[in-house]
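The structure appears below as structure tokens.
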Amino acid sequence: MNKTDAETRLRVTEIFHSLQGEARFTGLPTVFVRLTGCPLRCRYCDTPYAFSGGEMLGLDEVLARVRRWPARHVTVTGGEPLAQKACPALLRHLCDAGYVVSLETSGALDVSGVDERVIKVMDLKTPGSGEAARNRLANLEHLTAQDQIKFVICDEGDYAWMKDMLSRYRLPQRCEVLVTPSHGVMPAKQLADWVLADGLPVRLQIQLHKYLWGDVPGK
């Protein structure tokens, strides 16, 4: 792939229409653009099929497919979308087309080049993910009030680690904080009880799409 191709074409695993299952727009019809490839290997990853393969598409080709559905929200996800050089250009292209655009990112790669119109939903990887060492904490400086930080909690140790991060980096003062139980691993009720007992300024969320369709790709 030459430089021009790398900056204008992307490897795409799938583009599909569904309900947003997480974050601020949960339940809203959304078009998902799932890019291929990820440098991380989280223990709870639910999209390993996106590690490889996919189809090469130009920016206009992606936009044309997105336009097949009436939804006004678009989520660019992965894999890790920012692992592809053309991802920031895709995000700008979608914003310019009038969509409400969100980016789901692991937080391991630099987000400073992401268009300011894009809502960043950024993970902070817990110890239970096996990838906590990959957290790029410098990214916190590039988050604004419209963005969101997400923690996926696997156990009590992850929960204690999250509480320390909330306090150390004053995360609730930066943006909204989401807390998600690792599906099938951490009981949602237990996590809810901990959040209530500690009075944490976070939003507990479950993955709506998994309760509706299970682990079905493209849903």
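Scanning the stretch 202-215 for residues being touching a Lys or Arg at 6+ places or on another chain (Cβ under 9 Å) and either exposed (fewer than 13 other Cβ atoms within 10 Å of the Cβ) or at pLDDT 85 or above (or both) gives a total of 3. Under the condition of being free of Cβ contacts under 8 Å to residues at least 12 places away in the same chain and under 29 Å from R134 (Cα atoms), which residue from the stretch 42-76 is surrounded by the fewest Cβ atoms within 10 Å (Cβ to Cβ)? The selected residue is P48. Filtering the stretch 161-201 to residues that are at pLDDT 95 or above, over 25 Å from F32 (Cα atoms) and among the β-branched types (V, I, T) leaves only V195.
Just to be sure, is I149 outside any loop (DSSP other than H, G, I, E, B), within 29 Å of F51 (Cα to Cα) and in contact (Cβ under 8 Å) with a residue 12 or more places away in the chain?
yes
Per the listing L166, L191, L200, the residue uniquely touching a Pro at 6+ places or on another chain (Cβ under 9 Å), in a loop (DSSP other than H, G, I, E, B) and more than 25 Å from A50 (Cβ to Cβ) is L200. Put simply, of G21, G79 the only residue that is crowded, with 21+ Cβ neighbours inside 10 Å, at negative phi and modelled with pLDDT under 95 is G21.
The values are calculated or read from the model by the stated rules, or taken from the named source; none is laboratory data. The model shown is predicted, which means the values in this text are computed figures rather than measured ones. Here the Cβ is made from the backbone with ideal geometry for all residues, glycine too, and neighbour counts use every protein chain on show.
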